[in-house]
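This report concerns only the one structure given below.
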Amino acid sequence: MTEARVDQLRSLPFGSITTSYQPLGLPLSHNWREWKLTNLTNGNLLISFDGTSDNMVLPANSFTLYDIATNADQ
C-alpha cells in the first residue's frame, strides 16, 4: 500500500524577509518527492539549500515546482 505523507505549510511573514537567509522551519523528517516554492512578493528571492550559497532565484510573483521522483526507478 502506498503511503502519502505531507508536511505543514511553511511561510515567512513579509516583515521577516530581509537581506539574510531565513530558515523555513525544521528539516524534513522524511524523504520528499515534490516541492513547490511560491514568491508572492514584488521582489526576487534568492534560495539557498545550505544557508550560505545562492542556489536559485525565485522571481517576483512566481512559483517553481519540482517533481524529483517522476522518472525515478521504482
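Do we find that Asn44 is at negative phi, open to solvent by 100 Å² or more (accessible area, probe 1.4 Å) and modelled with pLDDT of 80 or more in this structure? Judged against the criteria, Asn44 is a match.
For first residues located in the stretch 44-70 and under 19 Å from Arg33 (Cβ atoms), partners that are aromatic (Phe, Trp, Tyr) and part of a strand (DSSP E or B) and lie 6+ apart or on another chain with Cβ distances below 7 Å form the pairs Tyr66/Trp35. Of the residues making up the stretch 47-74, those that are closer than 28 Å to Ala4 by Cβ, surrounded by 10 or more Cβ atoms within 10 Å (Cβ to Cβ) and among the aliphatic types (A, V, I, L, M) number 5.
Pairs linking a residue in the stretch 2-19 that is free of Cβ contacts under 8 Å to residues at least 24 places away in the same chain to a residue that is of a type in the set (A, V, I, L, M), with Cβ atoms under 8 Å and 6 or more positions apart or on different chains, are Arg10/Leu24; Ser11/Leu24; Leu12/Leu24.
The values are calculated or read from the model by the stated rules, or taken from the named source; none is laboratory data. Predicted model, so just to flag it, every value in this text is computed and none were measured. When we count neighbours, we look across all protein chains shown, and the Cβ atoms used for this are built from the backbone with ideal geometry, even at glycine. Heavy atoms of the whole protein, side chains included, go into the accessibility calculation; ligands, DNA and RNA do not. Shrake-Rupley method; radii C 1.70, N 1.55, O 1.52, S 1.80 Å.
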